[in-house]
1. Filter the range 138-158 for residues that are of a type in the set (A, V, I, L, M) and over 12 Å from D77 (Cβ atoms); which is nearest to the chain's Cα centre (by Cα)?
2. With the checklist (1) at pLDDT 95 or above; (2) in contact with a Leu (Cβ under 6 Å, 6 or more places away or on another chain) in hand, flag the one item V42 doesn't pass.
3. Which condition does P6 not pass, out of (1) free of Cβ contacts under 8 Å to residues at least 24 places away in the same chain; (2) touching a His at 6+ places or on another chain (Cβ under 7 Å), if it passes all the others?
4. Name the residue, out of D180, D206, that is under 26 Å from E53 (Cβ atoms), out of contact with any strand residue (DSSP E or B) (no Cβ under 6 Å at 6 or more places or on another chain) and either surrounded by 13 or more Cβ atoms within 10 Å (Cβ to Cβ) or among the aliphatic types (A, V, I, L, M) (or both).
5. Quick one: how many residues across the range 164-192 are part of a helix (DSSP H, G or I), without any contact (Cβ under 8 Å) to a residue 24 or more places away in the chain and either closer than 21 Å to P7 by Cβ or not hydrophobic (A, V, I, L, M, F, W, C) (or both)?
6. Suppose we filter A52, A47, A64 for residues that are closer than 14 Å to R12 by Cα, in contact (Cβ under 8 Å) with a residue 24 or more places away in the chain and small (G, A, S); which single one remains?
7. Among the residues of the range 139-156, write down those that are assigned to a loop (DSSP other than H, G, I, E, B) and touching a residue at least 60 places away in the same chain (Cβ under 8 Å).
8. Looking at A211 and the list (1) assigned to a strand (DSSP E or B); (2) loosely packed, with under 15 Cβ neighbours inside 10 Å, which single condition is not satisfied?
Amino acid sequence: MTSSQPPFHDRRQAGRMLASRLLQFSGKEPLILALPRGGVPVAFEVAKALDAELDLVMVRKLGAPGYAELGIGAVVDGAQPQLVLNEQIVRQLAPSPNYIRAEMQRQLAEIERRRERYRGGHAPAEVTGRTVIVVDDGIATGGTVRAALRGVRKNDPKHLVLAVPVAPRDTIEALHAECDELVCLLVPEPFRAVGLHYVDFAQTSDEEVTALLEEAWQFGIRKLARQK
């Protein structure tokens, strides 16, 4: 490997590297919650290394008017969906309340589509009273992850951890207040984009997400059967 090559080959390798920093949780029956789609391959490797349950936290970024990649906030699914706005960006762009409501409903519809495709008949994992580790493939502005953490916190986990391969320093510092513990492998200076730190950062497909979840859930069922 040359010094100019990115530190992570792909998301699954990043997950194995991240898992090595989380081994202290392996005996605490943690719940690993992945942000779909890119967080799932990372979280799969973490769950496998920690012999842990894997599930999803369904959250979607709200795109700015005319520039969908710029997040003005995020929405987290649940009985009472949570809207978390990036107040600084909202002040700068001043999107109308109607736009925000419409974008929220659009993203909730995408969450519903993904839930049906990814989960099938599997019930959501229990969060209350557990050690919960939220995993993504990297963080830029942090709006989506912040919303995810706040949504998980509402369900009263015993200990809430955020674990990611790479993120900018200012975002990491801001997210410390949203969780009990934070693990980040790489904090580059300057930070430009998550994908620059991967050799292969191709978009994670719905098919890959579904396959990894099915493999994790089947393993969990087999493990429970052996314990009976």
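The values are calculated or read from the model by the stated rules, or taken from the named source; none is laboratory data. Treat the numbers as computed from the prediction; the structure is a model and nothing was measured. Here Cβ is always computed from backbone atoms with ideal geometry, including for glycine, and neighbour counts include all displayed protein chains.
1. Top of the filtered list is V145.
2. (2)
3. (1)
4. D206
5. 4
6. When all the criteria are applied, what remains is A47.
7. T141, K154, listed by residue number.
8. (1)
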